[in-house]
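S.K.: Here it is: the structure, laid out below.
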Amino acid sequence: MEGHFQQVCDACSIDPVWLTAMLHSAGIGVGNAVVEVSRGSIGTGQLGDNVRFQLRWRDGAGTGPASVIGKFPSKSDASRAAAIAMDTYVKEVGFYRDLKDHVSIRTPASMHVGWNDQTHDFVLMMEDITPAQQGDQIDGCGVEQAALVVDQAVGLHGPTWGRAEELAKLAGGVRSILTGRLRRHARRSTRLTMLSW
(Lines give C-alpha, C1' and ligand atoms only; values in the text may rest on other atoms or scores of the structure.)
Protein backbone atom coordinates (compact mmCIF):
# COMPACT_ATOMS: atom_id res chain seq x y z
CA MET A 1 0.00 0.00 0.00
CA GLU A 2 1.39 3.42 -0.95
CA GLY A 3 2.84 5.35 1.97
CA HIS A 4 3.80 2.21 3.89
CA PHE A 5 7.38 0.99 3.66
CA GLN A 6 9.96 -0.68 5.85
CA GLN A 7 11.49 2.14 7.91
CA VAL A 8 14.93 0.52 8.28
CA CYS A 9 16.55 -1.69 5.65
CA ASP A 10 19.91 -2.12 3.95
CA ALA A 11 20.94 -0.41 0.73
CA CYS A 12 20.60 -3.58 -1.35
CA SER A 13 16.92 -3.88 -0.39
CA ILE A 14 16.02 -0.43 -1.67
CA ASP A 15 14.10 -0.65 -4.93
CA PRO A 16 11.81 1.64 -6.95
CA VAL A 17 8.74 0.69 -4.87
CA TRP A 18 10.53 1.51 -1.58
CA LEU A 19 11.90 4.79 -2.97
CA THR A 20 8.50 5.84 -4.32
CA ALA A 21 6.79 5.20 -0.97
CA MET A 22 9.56 6.94 0.99
CA LEU A 23 9.56 9.99 -1.27
CA HIS A 24 5.75 10.21 -1.30
CA SER A 25 5.75 10.11 2.53
CA ALA A 26 8.06 13.15 2.39
CA GLY A 27 5.69 14.89 -0.04
CA ILE A 28 8.05 14.44 -3.01
CA GLY A 29 7.02 13.15 -6.43
CA VAL A 30 3.42 12.53 -5.41
CA GLY A 31 1.46 11.43 -8.48
CA ASN A 32 4.62 10.09 -10.11
CA ALA A 33 6.64 6.93 -9.39
CA VAL A 34 10.25 5.78 -9.49
CA VAL A 35 10.46 3.00 -12.08
CA GLU A 36 14.19 2.33 -12.14
CA VAL A 37 17.09 2.86 -9.75
CA SER A 38 20.85 2.45 -10.02
CA ARG A 39 23.27 2.87 -7.14
CA GLY A 40 26.90 3.73 -6.52
CA SER A 41 29.05 4.14 -3.42
CA ILE A 42 30.23 7.56 -2.26
CA GLY A 43 33.44 8.10 -0.31
CA THR A 44 35.47 5.51 1.52
CA GLY A 45 32.90 4.61 4.18
CA GLN A 46 35.13 4.09 7.22
CA LEU A 47 32.23 3.88 9.67
CA GLY A 48 29.19 3.76 7.42
CA ASP A 49 28.09 3.21 3.83
CA ASN A 50 26.98 6.14 1.69
CA VAL A 51 25.10 5.41 -1.53
CA ARG A 52 23.91 7.64 -4.37
CA PHE A 53 20.65 6.35 -5.89
CA GLN A 54 20.04 7.54 -9.47
CA LEU A 55 16.29 7.59 -10.16
CA ARG A 56 14.26 7.25 -13.32
CA TRP A 57 10.71 8.51 -12.94
CA ARG A 58 7.67 7.14 -14.79
CA ASP A 59 6.59 10.60 -16.01
CA GLY A 60 10.02 12.22 -16.23
CA ALA A 61 12.01 13.89 -13.46
CA GLY A 62 9.96 17.10 -13.27
CA THR A 63 8.21 16.16 -10.02
CA GLY A 64 11.07 14.41 -8.25
CA PRO A 65 14.85 14.44 -7.84
CA ALA A 66 17.17 12.73 -10.31
CA SER A 67 19.14 11.29 -7.39
CA VAL A 68 19.07 10.94 -3.61
CA ILE A 69 21.68 9.94 -1.03
CA GLY A 70 21.31 7.13 1.48
CA LYS A 71 23.43 6.58 4.58
CA PHE A 72 23.60 3.15 6.24
CA PRO A 73 25.65 1.28 8.85
CA SER A 74 28.93 -0.19 7.65
CA LYS A 75 28.94 -3.67 6.14
CA SER A 76 32.26 -4.25 7.92
CA ASP A 77 31.74 -5.90 11.32
CA ALA A 78 34.81 -4.13 12.76
CA SER A 79 33.77 -0.68 11.49
CA ARG A 80 30.19 -1.20 12.65
CA ALA A 81 31.35 -2.28 16.12
CA ALA A 82 33.58 0.81 16.38
CA ALA A 83 30.76 3.11 15.29
CA ILE A 84 28.36 1.57 17.81
CA ALA A 85 30.95 1.82 20.60
CA MET A 86 31.46 5.54 19.85
CA ASP A 87 27.69 6.16 19.39
CA THR A 88 28.44 7.47 15.91
CA TYR A 89 25.17 6.21 14.42
CA VAL A 90 23.10 7.46 17.36
CA LYS A 91 24.64 10.92 17.04
CA GLU A 92 24.16 11.21 13.30
CA VAL A 93 20.58 9.95 13.35
CA GLY A 94 19.87 12.17 16.36
CA PHE A 95 21.27 15.22 14.60
CA TYR A 96 19.11 14.79 11.50
CA ARG A 97 16.00 13.74 13.42
CA ASP A 98 16.14 16.03 16.48
CA LEU A 99 18.65 18.88 16.19
CA LYS A 100 19.06 19.90 12.56
CA ASP A 101 16.24 22.45 12.70
CA HIS A 102 17.82 24.16 15.73
CA VAL A 103 21.03 25.19 13.97
CA SER A 104 21.63 27.40 10.95
CA ILE A 105 24.16 25.40 8.94
CA ARG A 106 23.69 24.17 5.39
CA THR A 107 22.71 20.51 5.59
CA PRO A 108 21.14 18.29 2.97
CA ALA A 109 17.36 18.17 3.28
CA SER A 110 16.46 14.91 4.99
CA MET A 111 13.63 12.90 3.45
CA HIS A 112 13.57 9.92 5.80
CA VAL A 113 15.19 8.94 9.10
CA GLY A 114 14.74 5.30 10.10
CA TRP A 115 16.33 3.98 13.30
CA ASN A 116 16.33 0.70 15.22
CA ASP A 117 17.35 1.41 18.82
CA GLN A 118 18.10 -2.25 19.54
CA THR A 119 20.37 -3.08 16.59
CA HIS A 120 21.59 0.42 15.61
CA ASP A 121 20.47 -0.28 12.05
CA PHE A 122 19.44 2.94 10.35
CA VAL A 123 18.55 4.60 7.06
CA LEU A 124 19.08 8.30 6.37
CA MET A 125 17.74 9.42 3.01
CA MET A 126 18.61 12.92 1.96
CA GLU A 127 19.03 15.44 -0.80
CA ASP A 128 21.93 14.91 -3.18
CA ILE A 129 23.98 18.11 -2.96
CA THR A 130 26.14 17.42 -6.02
CA PRO A 131 28.51 19.04 -7.07
CA ALA A 132 29.59 19.52 -3.45
CA GLN A 133 32.72 17.54 -2.64
CA GLN A 134 33.93 15.84 0.50
CA GLY A 135 36.79 17.62 2.27
CA ASP A 136 40.26 16.09 2.31
CA GLN A 137 41.59 15.76 5.86
CA ILE A 138 45.11 15.04 4.61
CA ASP A 139 45.51 17.76 1.97
CA GLY A 140 43.50 20.33 3.91
CA CYS A 141 41.83 23.26 2.16
CA GLY A 142 42.49 26.74 0.86
CA VAL A 143 41.71 30.07 2.56
CA GLU A 144 38.37 30.48 0.75
CA GLN A 145 37.16 27.04 1.85
CA ALA A 146 38.40 27.65 5.40
CA ALA A 147 36.33 30.85 5.55
CA LEU A 148 33.23 28.88 4.53
CA VAL A 149 33.96 26.33 7.27
CA VAL A 150 34.23 29.09 9.89
CA ASP A 151 30.89 30.54 8.79
CA GLN A 152 29.28 27.13 9.13
CA ALA A 153 30.89 26.60 12.55
CA VAL A 154 29.27 29.84 13.71
CA GLY A 155 25.92 28.59 12.43
CA LEU A 156 26.38 25.34 14.34
CA HIS A 157 27.59 26.70 17.68
CA GLY A 158 25.88 30.11 17.84
CA PRO A 159 22.27 28.87 17.97
CA THR A 160 23.11 26.26 20.63
CA TRP A 161 25.11 28.60 22.88
CA GLY A 162 23.69 28.47 26.41
CA ARG A 163 20.86 26.09 25.43
CA ALA A 164 22.32 22.77 26.65
CA GLU A 165 19.47 21.75 28.93
CA GLU A 166 16.74 22.87 26.53
CA LEU A 167 18.21 21.00 23.56
CA ALA A 168 18.89 17.89 25.62
CA LYS A 169 15.15 17.72 26.39
CA LEU A 170 14.29 17.95 22.68
CA ALA A 171 16.63 15.19 21.66
CA GLY A 172 14.44 12.12 22.17
CA GLY A 173 16.38 8.90 21.71
CA VAL A 174 19.79 10.60 21.89
CA ARG A 175 19.11 12.55 25.09
CA SER A 176 21.87 10.96 27.20
CA ILE A 177 24.60 11.56 24.63
CA LEU A 178 23.50 15.10 23.88
CA THR A 179 23.13 15.95 27.54
CA GLY A 180 26.76 15.05 28.12
CA ARG A 181 28.04 16.82 25.01
CA LEU A 182 25.92 19.92 25.54
CA ARG A 183 26.87 20.18 29.21
CA ARG A 184 30.53 20.09 28.17
CA HIS A 185 29.72 22.78 25.60
CA ALA A 186 27.99 24.87 28.29
CA ARG A 187 30.96 24.50 30.69
CA ARG A 188 33.34 25.50 27.89
CA SER A 189 31.10 28.49 27.09
CA THR A 190 31.19 29.56 30.76
CA ARG A 191 34.99 29.27 30.87
CA LEU A 192 35.36 31.30 27.69
CA THR A 193 33.03 33.97 29.08
CA MET A 194 35.05 34.15 32.29
CA LEU A 195 38.31 34.40 30.34
CA SER A 196 36.94 37.28 28.31
CA TRP A 197 36.38 39.45 31.41
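S.K.: Is there a residue in segment 95-116 that is surrounded by fewer than 18 Cβ atoms within 10 Å (Cβ to Cβ), of a type in the set (D, E, K, R) and within 21 Å of Pro16 (Cβ to Cβ)?
M.R.: No, segment 95-116 has no match at all.
S.K.: Further question on the same structure: Determine which single condition Val93 fails, assuming it passes every other condition in (1) over 19 Å from Ile42 (Cα atoms); (2) assigned to a helix (DSSP H, G or I); (3) β-branched (Val, Ile, Thr); (4) under 19 Å from the mean Cα position of the chain (by Cα).
M.R.: Against the list (1) over 19 Å from Ile42 (Cα atoms); (2) assigned to a helix (DSSP H, G or I); (3) β-branched (Val, Ile, Thr); (4) under 19 Å from the mean Cα position of the chain (by Cα), Val93 comes up short only on (1).
S.K.: Further question: Which one of Gly180, Gly173 is under 26 Å from Cys9 (Cβ atoms), in a helix (DSSP H, G or I) and modelled with pLDDT under 85?
M.R.: Values: Gly180 fails: under 26 Å from Cys9 (Cβ atoms).
From the options Gly180, Gly173, the qualifying one is Gly173.
S.K.: Whether any residue in segment 120-143 is at negative phi, part of a helix (DSSP H, G or I) and either over 19 Å from the mean Cα position of the chain (by Cα) or at pLDDT 85 or above (or both) is what I want to check.
M.R.: yes
S.K.: Moving on to the next point. Answer yes or no as to whether Gly45 is surrounded by fewer than 19 Cβ atoms within 10 Å (Cβ to Cβ), in contact with a Ser or Thr (Cβ under 9 Å, 6 or more places away or on another chain), modelled with pLDDT under 90 and over 13 Å from His112 (Cα atoms). Show your work before the answer.
M.R.: On the way: surrounded by fewer than 19 Cβ atoms within 10 Å (Cβ to Cβ): yes; in contact with a Ser or Thr (Cβ under 9 Å, 6 or more places away or on another chain): yes; modelled with pLDDT under 90: yes; over 13 Å from His112 (Cα atoms): yes.
So Gly45 passes the test.
S.K.: Working only within segment 18-38, note down all residues that are closer than 15 Å to Met126 by Cβ and either in contact with a Lys or Arg (Cβ under 9 Å, 6 or more places away or on another chain) or among the aliphatic types (A, V, I, L, M) (or both).
M.R.: Of everything in segment 18-38, those that are closer than 15 Å to Met126 by Cβ and either in contact with a Lys or Arg (Cβ under 9 Å, 6 or more places away or on another chain) or among the aliphatic types (A, V, I, L, M) (or both) turn out to be Leu19, Met22, Leu23, Ala26, Ile28.
S.K.: Suppose the filter is aromatic (Phe, Trp, Tyr), out of contact with any Ser or Thr (no Cβ under 7 Å at 6 or more places or on another chain) and over 26 Å from Asp15 (Cβ atoms); does Phe95 pass it?
M.R.: In short, yes.
S.K.: Do you know which of the residues in segment 96-105 that are at pLDDT below 90 and touching a helix residue (DSSP H, G or I) at 6+ places or on another chain (Cβ under 8 Å) is farthest from Asn50 (Cα to Cα)?
M.R.: Checked segment 96-105; the qualifying residue farthest from Asn50 (Cα to Cα) is His102.
S.K.: Now for a different question. Test Met86 against the stated conditions and say whether it is modelled with pLDDT under 90 and loosely packed, with under 11 Cβ neighbours inside 10 Å.
M.R.: When the stated conditions are applied, Met86 does not pass them.
S.K.: Any residue at all in segment 20-31 that is surrounded by fewer than 19 Cβ atoms within 10 Å (Cβ to Cβ), at pLDDT below 95 and touching a helix residue (DSSP H, G or I) at 6+ places or on another chain (Cβ under 7 Å)?
M.R.: Yes, that holds for at least one residue.
S.K.: Tell me, which strands (runs of 3 or more DSSP E) lie completely within segment 1-83 with 3 or more residues that are more than 25 Å from Gln134 (Cβ to Cβ) and in contact (Cβ under 8 Å) with a residue 12 or more places away in the chain?
M.R.: Ranges flagged: 34-42.
S.K.: Based on what the data block shows, is Leu167 in contact with a His (Cβ under 7 Å, 6 or more places away or on another chain) and either modelled with pLDDT under 90 or surrounded by fewer than 15 Cβ atoms within 10 Å (Cβ to Cβ) (or both)? Outline the logic, then answer.
M.R.: On the way: in contact with a His (Cβ under 7 Å, 6 or more places away or on another chain): yes; either modelled with pLDDT under 90 or surrounded by fewer than 15 Cβ atoms within 10 Å (Cβ to Cβ) (or both): yes.
In short, yes.
S.K.: On to the next question. Would you pick out the residues in segment 51-60 that are surrounded by fewer than 17 Cβ atoms within 10 Å (Cβ to Cβ) and either within 16 Å of the chain's Cα centre (by Cα) or under 16 Å from Pro73 (Cα atoms) (or both)?
M.R.: Arg52
S.K.: Quick check on segment 127-142. Is at least one of its residues touching a Ser or Thr at 6+ places or on another chain (Cβ under 8 Å), hydrophobic (A, V, I, L, M, F, W, C) and under 25 Å from Val51 (Cβ atoms)?
M.R.: No, segment 127-142 contains no residue that is touching a Ser or Thr at 6+ places or on another chain (Cβ under 8 Å), hydrophobic (A, V, I, L, M, F, W, C) and under 25 Å from Val51 (Cβ atoms).
The values are calculated or read from the model by the stated rules, or taken from the named source; none is laboratory data. Computed from a prediction, not measured in an experiment: that's the story for all the values here. For neighbour counting, all protein chains shown are included, and Cβ atoms are generated from backbone atoms with ideal geometry for every residue, glycine included.
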